[in-house]
Amino acid sequence: MQLGTRAVVLSAKNLEEYDRLVTLLTEDLGVVTAYAKGARRQKGTMASATEQLSYSALQIFRNRDRTFVDKAEAETIFFAIRQDMDRLALASYFCQLCQELIPEGDTQAGYLHLMMNTLTLLDRGKLPLGQLKAVFELRLLTMSGYMPDLVACAVCGELSGGEILFAPTGGVIYCGEHAPRAGLMPLIALSPGVFQAMRHIIYSDFERLFSFRLGADGLEQLAKASEAYLLAQVERVLPALNFYKTIAG
């Protein structure tokens, strides 16, 4: 089966004889691993189109359990991201998250939409890195089956406007009156603004996803809550996250 599609290259591994093994986030097939034969030859368009973070138009051929890239032409390569170590490390983390969280065979087009919107904003430097990171983490978790329950207190079912405590391990919230006793589970206190931002990230449509603002303290709190929730669900070391945190200081 031959198919024309567009994709972001999530990873690229050089093989012998100028070939590459690439992992693609496609608009039609979800996450796909494919062989790009001769991709690293100097002539032609395959070299840049199969590098990590390239957004490319591709001709893919699928034969039983193997997928091959027959043709590829880069449409966007995100120059500004590649020239800034902080942004490059964060973008690489986004790529790893897609490979970790998107279920095999899940073909919803929203994944590519989220990735391209986030990378475009990262490339243009329009929003703080911490905000982009938190939005991408929470929305990708939500889309891939890990939506936290931020409707009301997990015990009383109410949301009175008082203290709000988030439990990353369970992805639920508690009011101050019904929160578990100290030490039973990790809890993160959320300001009203951060709580509303988390709900916005989870429930809003794509067109409004990034349209919220928080001060420095709020962004720090949001980043802490989103990362803690992600790590509680993934339950394993994410090398790209550790690298980004080292680079970003």
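The values are calculated or read from the model by the stated rules, or taken from the named source; none is laboratory data. Computed from a predicted model, the values in this text were never measured in an experiment. Because the Cβ atoms are built from the backbone with ideal geometry, glycine has one as well, and the counts that use them run over all protein chains shown. Remember, those area values only see protein heavy atoms, side chains included, never the ligands or the DNA or RNA. Shrake-Rupley method; radii C 1.70, N 1.55, O 1.52, S 1.80 Å.
What is the magnitude of the charge dipole of the chain about its Cα centre, with +1 placed on the Cβ of each Lys and Arg, -1 on the Cβ of each Asp and Glu, and no other charges, expressed in debye to the nearest 20? Don't skip to the end; give the middle numbers.
Numbers: 24 positive and 27 negative charges, 137 e Å.
Once rounded to the nearest 20, the dipole reads 660 debye.
Quantify how much of the Cα-Cα distance distribution of the chain extends past 30 Å, in percent. It would help to have the intermediate numbers written out before the result.
Values: 9837 of 30876 pairs.
Here the long-distance tail beyond 30 Å is 32 percent of all Cα pairs in the chain.
Straight distance only, please: which aspartates and glutamates reach the Cα of Lys13 with their own Cα at less than 15 Å, same-chain residues fewer than 8 apart left out?
Reachable aspartates and glutamates: Glu51.
Along the charge dipole of region 1-57, Cβ charges K/R +1 and D/E -1, which of Ser56, Thr26, Leu10 sits furthest on the positive end?
Ser56
Taking region 1-59, which GluC sites (Glu not before Pro) meet the DSSP loop condition and have no more than 13 other C-beta atoms within 10 Å?
Numbers: sites: Glu16, Glu17, Glu27, Glu51; in loops: Glu16, Glu17, Glu27, Glu51.
Filter output for region 1-59: Glu16, Glu17.
Answer with one residue from Ala72, Gly193, Gly130: the one whose Cα lies farthest towards the positive end of the charge dipole of the chain, charges on Cβ with Lys, Arg +1 and Asp, Glu -1.
The residue sitting most towards the positive pole is Ala72.
How big is region 14-80 in terms of Cα radius of gyration and Dmax, in angstroms?
For region 14-80, the Cα radius of gyration and maximum Cα-Cα distance read 11.3, 39 Å.
Percent of accessible area on the chain owned by carbon and sulfur, 1.4 Å probe?
Working: 6000 of 12460 Å².
The computed percentage sits at 48.
Starting from the Cα coordinates of region 83-213, work out the convex hull volume and express it per residue in Å³. Before the final figure, lay out each step's value.
Working: hull volume 16.9 nm³, N = 131.
Hull volume normalised by residue count: 129 Å³.
Which lysines does Lys133 reach when only Cα atoms under 23 Å apart count, and residues fewer than 8 places away in its own chain are ignored?
Candidates past the 8-residue exclusion: Lys224, Lys245.
Note the angle between two axes, namely the Cα long axis of helix 110-124 and the longest principal axis of the Cα atoms of the chain, as a number of degrees from 0 to 90, rounded to the nearest 10.
90
As a test of the definition: which semi-axes, in Å, follow for region 148-219 when you take the square root of five times each eigenvalue of its alpha carbon gyration tensor? Largest first, please.
Numbers: eigenvalues 102, 35, 24 Å².
Largest first, region 148-219 gives 23, 13, 11 Å.
Per residue, how many Å² of accessible area does region 175-249 show with a 1.4 Å probe?
Details: 4280 Å² over 75 residues.
Ligands and nucleic acids excluded, the result is 57 Å² per residue.
For region 128-140, in order, what is each residue's ³J(HN,Hα) by Karplus, 6.51 cos²θ - 1.76 cosθ + 1.60 with θ = phi - 60°, in whole Hz (x at glycine and Pro)?
Using θ = phi - 60°, the values come out as x, 4, x, 5, 4, 4, 5, 4, 5, 4, 5, 6, 5 Hz.
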